[in-house]
Amino acid sequence: MPSRGLVIYQWRKHGTCSGLSPDKYFALTRRAFEKIRIPPQFEHTTKWQTVSPPEVENAFRVANPGLRDEMISVTCDRRNLREVRICMTKDLEFRACPQVDRQACRAPRVSLPPVRG
């Protein structure tokens with residue numbers, strides 16, 4: 001996570017009700033992150049890109065065998081991609097999540113900033 005403030009926010013929003021200690025919660029978060037393969041075209045970008053949400057979802061499905069349409073969603077603000085949300089079970093297996101898809105980006109194209117750090 002890129003900042004101490006984000007770590008604290010994530011713990012308060014998600015970790016405190018997980019039933020896990022902070023150490024175990026963040027270890028599980030790390031394992032979930034390591035399970036996801038970021039597509040090469042998004043992993044180390046140094047320039048702004050313009051993409052469609054379906055292009056992003058498809059790239060993640062190709063890079064992550066077993067990931068299907070109903071298991072992933074892209075969110076955006078008016079012009080920028082904000083998040084790629086991938087749903088998983090407590091055992092870190094991909095799972096369907098129609099509630100996440102209802103919040104998906106409906107913009108035809110969005111901007112994707114370069115990767116920081």
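The values are calculated or read from the model by the stated rules, or taken from the named source; none is laboratory data. Remember, it's a predicted structure, so these values are computed and weren't measured experimentally. As a convention, Cβ positions derive from the backbone with ideal geometry for all residues, glycine included, and neighbour counts pool all protein chains shown.
A few points about this structure:
- Inside region 11-38, residues that are surrounded by 12 or more Cβ atoms within 10 Å (Cβ to Cβ) and over 17 Å from Lys90 (Cβ atoms) make up a count of 4.
- Some residue of region 84-95 being hydrophobic (A, V, I, L, M, F, W, C) and over 25 Å from Ser18 (Cβ atoms): no
- Residue match in region 57-65 (condition: touching a Ser or Thr at 6+ places or on another chain (Cβ under 8 Å) and surrounded by 14 or more Cβ atoms within 10 Å (Cβ to Cβ)): yes
- For the chain, the helices (runs of 4 or more DSSP H) that sit wholly inside it and include 1 or more residues that are modelled with pLDDT under 90 and out of contact with any Cys (no Cβ under 7 Å at 6 or more places or on another chain) are 4-10, 22-35, 40-43, 98-101.
- Of residues in region 77-96 being of a type in the set (A, V, I, L, M, F, W, C) and out of contact with any Asp or Glu (no Cβ under 7 Å at 6 or more places or on another chain), the one surrounded by the most Cβ atoms within 10 Å (Cβ to Cβ): Leu81
- Some residue of region 42-59 being under 16 Å from the mean Cα position of the chain (by Cα) and basic (Lys, Arg): no
- Test: residue in region 39-53 that is surrounded by fewer than 16 Cβ atoms within 10 Å (Cβ to Cβ), at positive phi and touching a residue at least 60 places away in the same chain (Cβ under 8 Å): no
- Scanning region 1-25 for residues that are free of Cβ contacts under 8 Å to residues at least 12 places away in the same chain and hydroxyl-bearing (Ser, Thr, Tyr) gives Ser3, Tyr9, Thr16, Ser18, Ser21.
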